[in-house]
Structure formats: C-alpha cells, structure tokens
Amino acid sequence: MAIHKTAQESDAIIKELRLKLGPKSKTMKDEYLIQFLVARSWSVSGAKNQIEKTLEWREKHKVNEHPVATGENKLPLLYPIRGYNSIPDGNLEAAPGLSESVLRINKYMGGSCLHKTDKNGCPIYIERLGYHAAKEIAKYTTVEEVSNYHIGCNEFLNRVIMEDCSRVANKTINHETVIFDCTGMGWHQLHMPALHYLRAISDADQNYYPETLSRLFLVNAPSSFVFVWKIVKAWLDPGTIDKIKILGSDYKEELLQYIPAENLPSFLGGECTCAHMPGGCVPSQMLKNIPSLVPQSHNEKVSTPYNTDIMQKGTSYED
Ligand SMILES: [Zn+2]
C-alpha cells in the first residue's frame, strides 16, 4: 500500500501543502506533515483537511496544554517506562496528582510498558494483551475515561519520549514499535463492548495521530484470534494493516530482526529483565508481579488522567 516518493517529489508536495495550510504550518516539522500525507496517500487536499480537523480537535480539547510527566516536573507516570535519558525509569503508582480513573483502568489491564528502543531508535510499547480483563474494562470504566487516558499516554509518548529518542538517534523519531503479547488470551476476551473501546481508541489514533506506528507485532496469538482480527481489521486503514504482523509462538527471530536482544524482555525471547525495577520489564497487577494499586484520597475521581488542578495548570505545571 505504501506509496514511495523521491526526496524531490516529496519536497514539492510538502511545499504545496505548506502553501495551502498558510501560516499555521510554520511550527510544523516536515516529518509531521509527512505523517498526514502518507496517511492520505499523498493527497494534498486530504492531508490539509485532516491537519485542520486535528488542529480543531486539539484546540477544542486543549490537547496542546495537556500536562505530561517530564524529568523536571516529576508528575506521576501514566504507565511504566524503561530506558530513556531525560526521565528516570518508573512504574505507575497511586501517587498524588494521578486520577482514580487511571488506577481503575489499569486494575483491569494485563500490564504495559514503554520499554527501550528498537534498532531504528524508535520507542517500543509492550502490552500483555492476553491478560486484559476485557469484560471488567467495559463494565467498570467509561469510553470517555479510557479515551482520555489514551490521549494522555499519546501526548507523553509524542512530546517526551519521541523527543528523547530523537535526541539519542540524532534524527526525528516519530514512530513507535508495538508488541502485543497474547499469552493468556481466551474466548472471554471476545467481548464486543470491550472491542468498541478499542475502536474508539484506534479511531482517535488514525484521525489525530496518523502514521505513528512503525510496526505492530501480535505474538503468541491463539487461533481464536483470527475471529477478533476479522472484526478489528475492518476499522483500520489499509496502511495500518500492512504494518501488523500476527505471529504464533514462533516469533523470536522476527522480533530480534528489529529489536536488539538487550532491549527485548526475556519473556519475549530477549535478554532484558529490568531486575532493578519492581515488576521487571512489564509490570502486571494481573500476574501479581507488582502489588495491586489502591486509589487514595489524593487520587481524584475525574475522567481525566490527572487531578483537576493539574489538568488546569496544564503544561505550565511546575512542582
Ligand atoms: Zn527490560
């Protein structure tokens, strides 16, 4: 599906797109414009339209001001991270400032981590998809809470981790590699209400964060996954489908082609154990390799990922 352009061709198209967008394109990097162009098969009007809708959406929901954790502001993390320069390794904790909804969502998640980088210098996001309590997520959380949480995670990824990786790689990094481990997956996860949550998230990603996926590996996929895949596939752009590899138990060699062994957790065939951190590479309340997180009175019951005062202070948040 990918349409390849020579540097000269893409330069000319980017110039045309900048002209059509006017002054608002000044702060946008070429790489950012390319994300939208690729998503729209290099249609200038299509990319312009999508960028304008994204700007409207960001304005309406104040996404530019969304607070993100940095090494300096010490805001609580929304999920565990390992192996970046500008911000220390950490886990999700019931820390002051984090909302109760983030803790409730994570209580039913199998465990996730933004874990080091692939051979291109892109961050790797790992999720223990097979241990998600899909029915409970649909029952005890709302689409709004899950969507807000996802936006908070996206902003952190783009504004903190991608920037960090770009500095290390000395080039613009605006893609991530994703590994979904299906170990533990069963028929109980074929739950339509839960799949609708997934749809809300994938729609937002495709509309407002296009072309940020480098590759997505689904490993240890059971044969029953074929059924779910047929449903999910219909929601995705063809360009996204091309980047998804569904692998059974024989995935190690494939992953090691793209990821250095020292950056790949040992449970996925690599050498990393993150022994210095509680829960190792990918902490999981479901697997009980970390204690359950219990919300405290300082974890406000709001649908945003951080407490109201922090959301209102936005990016001007200082400790
Ligand atoms: Zn690790």
Next on the checklist: Tell me yes or no: at least one residue of segment 181-196 is within 16 Å of the ligand (Cβ to nearest atom), modelled with pLDDT of 90 or more and in contact with a Lys or Arg (Cβ under 7 Å, 6 or more places away or on another chain).
Outcome noted: yes
Checklist entry - So which residues in segment 126-157 are open to solvent by 30 Å² or more (accessible area, probe 1.4 Å) and either touching a strand residue (DSSP E or B) at 6+ places or on another chain (Cβ under 8 Å) or in a loop (DSSP other than H, G, I, E, B) (or both)? => result 129, 142
Item to check | Residues located in segment 258-272, provided they are more than 9 Å from the ligand (Cβ to nearest atom), among the aliphatic types (A, V, I, L, M) and part of a loop (DSSP other than H, G, I, E, B) | outcome: 259
Checklist outcome for this item: Restricted to segment 200-235 and to residues being within 17 Å of residue 178 (Cα to Cα) and basic (Lys, Arg), the residue nearest to the chain's Cα centre (by Cα) is 215
Checklist entry - Mind checking which residues of segment 293-302 are open to solvent by 80 Å² or more (accessible area, probe 1.4 Å) and either in contact (Cβ under 8 Å) with a residue 24 or more places away in the chain or under 15 Å from residue 131 (Cβ atoms) (or both)? => result 294, 296, 301
Checklist entry - Among the residues of segment 17-44, which ones are assigned to a helix (DSSP H, G or I) and open to solvent by 80 Å² or more (accessible area, probe 1.4 Å)? => result 19, 20, 23, 24
Item to check | Tabulated pairs, segment 16-45, first over 24 Å from residue 159 (Cα atoms) and in contact (Cβ under 8 Å) with a residue 12 or more places away in the chain, second part of a helix (DSSP H, G or I) and of a type outside the set (Val, Ile, Thr), C-beta under 7 angstrom, 6+ apart or interchain | outcome: 20/48; 44/16; 44/17; 44/20
Checklist outcome for this item: Here the residues within segment 86-100 that are surrounded by fewer than 24 Cβ atoms within 10 Å (Cβ to Cβ) and not in a loop (DSSP other than H, G, I, E, B) are 90, 100
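Here's the yes/no breakdown for (1) more than 16 Å from the ligand (Cβ to nearest atom); (2) farther than 21 Å from residue 151 by Cα:
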{"position": "37", "(1), (2)": "yes, yes"}
{"position": "40", "(1), (2)": "yes, yes"}
{"position": "45", "(1), (2)": "yes, yes"}
{"position": "50", "(1), (2)": "yes, no"}
{"position": "55", "(1), (2)": "yes, no"}
{"position": "60", "(1), (2)": "yes, no"}
{"position": "78", "(1), (2)": "yes, no"}
{"position": "81", "(1), (2)": "no, no"}
{"position": "84", "(1), (2)": "no, no"}
Checklist entry - Any idea which of 308, 315 is under 23 Å from residue 70 (Cβ atoms), more than 12 Å from the ligand (Cβ to nearest atom) and without any contact (Cβ under 8 Å) to a residue 24 or more places away in the chain? => result 308
Checklist entry - Scanning segment 104-124 for residues that are of a type in the set (S, T, N, Q) and closer than 16 Å to residue 153 by Cα, which turns out surrounded by the most Cβ atoms within 10 Å (Cβ to Cβ)? => result 106
Checklist entry - List, please: which pairs have Cβ atoms under 6 Å, are six or more places apart or on different chains, and start with a residue in segment 68-85 that is at positive phi and end with one that is modelled with pLDDT of 95 or more? => result 83/116
Checklist entry - Quick one: what pairs do we get from segment 109-122, first residue closer than 14 Å to residue 163 by Cα and within 13 Å of the ligand (Cβ to nearest atom), second part of a loop (DSSP other than H, G, I, E, B) and modelled with pLDDT of 95 or more, C-beta under 6 Å, 6+ apart or different chains? => result 116/83
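If you go through segment 280-292, how many residues are within 30 Å of residue 66 (Cα to Cα) and either open to solvent by 20 Å² or more (accessible area, probe 1.4 Å) or away from the ligand (no atom under 15 Å from the Cβ) (or both)?
As a first pass, look at segment 280-292 and keep what is within 30 Å of residue 66 (Cα to Cα): 280-286, 290-292.
When the remaining residues are screened for being either open to solvent by 20 Å² or more (accessible area, probe 1.4 Å) or away from the ligand (no atom under 15 Å from the Cβ) (or both), the result is 285-286, 290-292.
Of the residues in segment 280-292, 5 are within 30 Å of residue 66 (Cα to Cα) and either open to solvent by 20 Å² or more (accessible area, probe 1.4 Å) or away from the ligand (no atom under 15 Å from the Cβ) (or both).
The values are calculated or read from the model by the stated rules, or taken from the named source; none is laboratory data. Source: prediction; values computed, not measured. Virtual Cβ from ideal backbone geometry, glycine too; neighbours counted across all protein chains shown. For accessibility, only protein heavy atoms count, side chains too; no ligands or nucleic acids. Shrake-Rupley method; radii C 1.70, N 1.55, O 1.52, S 1.80 Å.
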